[in-house]
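Here the structure is laid out as structure tokens; the discussion comes afterwards.
The values are calculated or read from the model by the stated rules, or taken from the named source; none is laboratory data. Note that the structure is predicted; figures quoted are calculated from it, not measured. Note that we place each Cβ from the backbone using ideal geometry, even for glycine, and neighbour counts take in every protein chain shown.
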Amino acid sequence: MKLYGIKGDGYEVLCEEHPLIEETHGWLFPVEDHPELTAKLFHPDELMNGQDRVKENNFRKLMELWIPADALEHVVWPADGLRDKKGFFLGFLRPSVSGYMTLETVINQQRTMDVEDKLRIARQLIAAVKSVHRMDVLCGSLHRQNILVSQDYDKVLLAGADYFRFRNEEGGYFALNESVYRNPDTGLRIPRVPDDLAVANHMKKLFETQLLKMKLPHWERAFFMAFLNGMNNPNRRPRLEEYEEILDEFEEMMKKEK
């Protein structure tokens, strides 16, 4: 399928090939003569009733963001929008990523993983989310399928830049393609977008074996604050820096045991 970038560059997206992977709201396809790129095309029902124009406006706003250097290390950043010959917005290009697995796969393996590997993953995940926050946006979706982990557990990439949520005039956060400003995962009104809750949940699942075997009061208190005290009051949630401190304490505890 011949598609065109925002500036008019042509790309042959190999839709006849099987998609590399199906993501939430879309598929990933290879691009002919551009092995360094992958095309994400949205599901057709995501583009109906004028949503293609909304998604294109959202994409353009994303491209206007100031990007700190560390965000480029942690985010699979979109490269160009994609439209058909009639100008209908279908998706976008992003760099190809190989040698990574999803966080969902990692968590399914957590029982047999070394604790040191878990610590590296958790720290990299926190660093990735903090790099997004420095752009004055929220992640919007930290689904485990959108979080990629290198095979050596040394690097974490966020593949969900198209879910970023921007600040509105009142200081809250929302996605431009939302008519009602509620988080679709929890139903809570924005600005209660829980990317910090997602980090807490992923960490708890990642260290589930250790939590069951050891008494870790700092961890339990942090998760309690995040999910119970902090669900309706973001100001009562632990900061991401507190999770980093918890990881440091846990690492020291492991060293003493050895």
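Every residue, every condition in (1) closer than 22 Å to C15 by Cα; (2) modelled with pLDDT of 95 or more; (3) of a type outside the set (F, W, Y), yes or no:
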{"residue": "F59", "(1), (2), (3)": "yes, no, no"}
{"residue": "M63", "(1), (2), (3)": "no, no, yes"}
{"residue": "L72", "(1), (2), (3)": "no, no, yes"}
{"residue": "W77", "(1), (2), (3)": "yes, no, no"}
{"residue": "K86", "(1), (2), (3)": "yes, no, yes"}
{"residue": "S98", "(1), (2), (3)": "yes, no, yes"}
{"residue": "T112", "(1), (2), (3)": "no, no, yes"}
{"residue": "D117", "(1), (2), (3)": "no, yes, yes"}
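Screening the candidates K86, K7, K2 for the property of being under 29 Å from D136 (Cα atoms) and among the basic types (K, R) yields one hit, K7. Once region 27-46 is narrowed to residues that are assigned to a strand (DSSP E or B) and more than 19 Å from the chain's Cα centre (by Cα), the residue that is surrounded by the most Cβ atoms within 10 Å (Cβ to Cβ) is F29. Condition first: surrounded by 17 or more Cβ atoms within 10 Å (Cβ to Cβ) and either of a type in the set (S, T, Y) or over 21 Å from L158 (Cα atoms) (or both). Can you find one or more residues in region 17-26 that meet it? No: zero hits. Contact annotation: residue pairs with Cβ atoms under 7 Å, 6 or more positions apart or on different chains, pairing a residue in region 147-165 that is among the aromatic types (F, W, Y) with a partner that is at pLDDT 95 or above, are Y153/D117; Y153/R120; Y153/I121. When L3 is tested against (1) in contact (Cβ under 8 Å) with a residue 60 or more places away in the chain; (2) under 28 Å from K130 (Cβ atoms); (3) part of a strand (DSSP E or B), only condition (2) is not met.
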